[in-house]
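Note sheet for the following structure.
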């Protein structure tokens, strides 16, 4: 029973209202319930003394006393309190008229004149004064003109009137105590301080909201209708006032209204993550276009879902980025052209070497020039691959190995039974590492073609490339004759170049002579 009473007492209170307003709503609900209880008490008395007409009248008033509670629930709080005060005055006035002067119903006018001070803020002085004047006027009418008392069929004996007057005295006294309690409850110091603190907090939050450097919107989740915007939003969109935005569909202020797919994507992100972010092109009231970074959050206020939308103007950043991208594109084109020209120049040098080879009669000199041409091609192929790539910073070296091996197979067709096996994984190398590795590949593979398979009908050259943690492992092996220590330590240009190139990339060389040669080079990526 007590739990039900409490639920009815707090019906209509709202976290958006001040603590004092909520207390007045609670007091109003409790006074209504108390009046219903008192009326029911008197119904029982009238029923006991067989006054059926009075029972019917009091039942009607008991029903009327229940109406302010649903009015508070539907947030008609001021109207419910005015209605309640007027209903009490009407009830007491009507009972006094039909009961006559011998009955002390007028005593109920004492708590009724106090009630407005408990139910209304002092700022509503006109309402309090009006209700007080009505109270005084009704009392004056009753006792200044005795002829207005109604002669009805209600006849009470002297004993019944005496008992009724005692009941009226005690009930009126209780009513006064309850109203006084309400006044003390409303004017409690702690509550007033809390209200002052809440008001200060509200002012501070409004100051933060309105002085934000970003545009802030509050919109409903269903329909995305804007219900609140800050000053920065008005300035950003060159709008005349906040009213320009109110009840508008949020996306409608964009330059182009988003597609259904886009809105579905946004709703999905808000439902799953509670946040949606994007970069959107907007337009002002005057038609100016500007870019904003939009951040939309899903939030709950008093059980209802809303969108909190923050727009940050990124137009300047977009302009700077566009200029930077254009400059970068220009430099990429220039760098690509440089690589292309380097490749072409190396091709010219290679062609000149070919012409020189044709004029040479010394076979040893021809071999030296051929080796030089291969080295030039290995570097030219690097520049060509960089030119064809989208990135000039790195080269996919497994792809380079495949292209270079195709060139070597065509160049060394004297022994077509030699097969090249590639066991490579994609590994990105920067140009400073790729060129030495390309030259190492050229030296070791051409050396295998020329020397490893003498007096053999067939053979295999295996090239491997993989990345293990932070190390790149690169190896070339063959099924040929192998090399002894004296050959390995030879001061020939080929081996000297390989050793120098490995030092250049801070690598380590391991050699195995087991069913052929295997050179393994490892270095940090």
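Quick notes
- Search result, residues across the stretch 79-90 that are touching a helix residue (DSSP H, G or I) at 6+ places or on another chain (Cβ under 8 Å) and free of Cβ contacts under 8 Å to residues at least 40 places away in the same chain: 79, 83, 87
- Residue check for residue 483: surrounded by 17 or more Cβ atoms within 10 Å (Cβ to Cβ), at pLDDT below 85 and assigned by TED's automatic domain parsing to the domain that holds residue 418: yes
- Residue in the stretch 44-64 that is over 56 Å from the mean Cα position of the chain (by Cα) and more than 21 Å from residue 155 (Cβ to Cβ) present: no
- The stretch 1-20 residues that are farther than 19 Å from residue 32 by Cα and in the same structural domain as residue 120 (by TED's automatic domain parsing), paired with ones that are in a helix (DSSP H, G or I) and at pLDDT below 80 (beta carbon under 8 Å, 6 or more apart): 18/195; 18/198; 18/199; 19/191; 19/194; 19/195; 19/198
- Residue check: residue 261 meets all listed conditions (1) in the same structural domain as residue 229 (by TED's automatic domain parsing); (2) out of contact with any helix residue (DSSP H, G or I) (no Cβ under 6 Å at 6 or more places or on another chain); (3) under 20 Å from residue 215 (Cα atoms) but one, namely (3).
- All conditions but one from (1) closer than 29 Å to residue 47 by Cβ; (2) touching a helix residue (DSSP H, G or I) at 6+ places or on another chain (Cβ under 8 Å); (3) modelled with pLDDT of 80 or more apply to residue 174; the one that does not is (2).
- Looking only at the stretch 488-515, residues that are part of a loop (DSSP other than H, G, I, E, B) and either modelled with pLDDT of 80 or more or at positive phi (or both) come to 5 in all.
- Here residue 39 passes the criteria (1) exposed (fewer than 14 other Cβ atoms within 10 Å of the Cβ); (2) touching a helix residue (DSSP H, G or I) at 6+ places or on another chain (Cβ under 6 Å) except the one numbered (1).
- Of all the criteria given as (1) part of a loop (DSSP other than H, G, I, E, B); (2) within 17 Å of residue 216 (Cβ to Cβ), the one not satisfied by residue 276 is (1).
- The residues in the stretch 312-349 that are touching a helix residue (DSSP H, G or I) at 6+ places or on another chain (Cβ under 7 Å) and modelled with pLDDT of 75 or more can be counted, and the count is 2.
- Restricting the stretch 196-242 to residues that are modelled with pLDDT of 85 or more and in a helix (DSSP H, G or I), the residue that is surrounded by the fewest Cβ atoms within 10 Å (Cβ to Cβ): 235
- In the stretch 101-126, of all residues being surrounded by fewer than 17 Cβ atoms within 10 Å (Cβ to Cβ) and within 21 Å of residue 155 (Cα to Cα), the one that is modelled with the highest pLDDT corresponds to 102.
- Going through (1) part of a helix (DSSP H, G or I); (2) surrounded by 15 or more Cβ atoms within 10 Å (Cβ to Cβ); (3) modelled with pLDDT of 90 or more one by one, residue 261 falls short only on (2).
Yes or no, residue by residue, for (1) in contact (Cβ under 8 Å) with a residue 60 or more places away in the chain; (2) on the phi > 0 side of the Ramachandran plot:
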{"position": "406", "(1), (2)": "no, no"}
{"position": "420", "(1), (2)": "no, no"}
{"position": "429", "(1), (2)": "yes, no"}
{"position": "435", "(1), (2)": "no, no"}
{"position": "439", "(1), (2)": "yes, no"}
{"position": "451", "(1), (2)": "no, no"}
{"position": "455", "(1), (2)": "no, yes"}
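The values are calculated or read from the model by the stated rules, or taken from the named source; none is laboratory data. Everything quoted here is computed from the prediction, not taken from an experiment. Note that we place each Cβ from the backbone using ideal geometry, even for glycine, and neighbour counts take in every protein chain shown.
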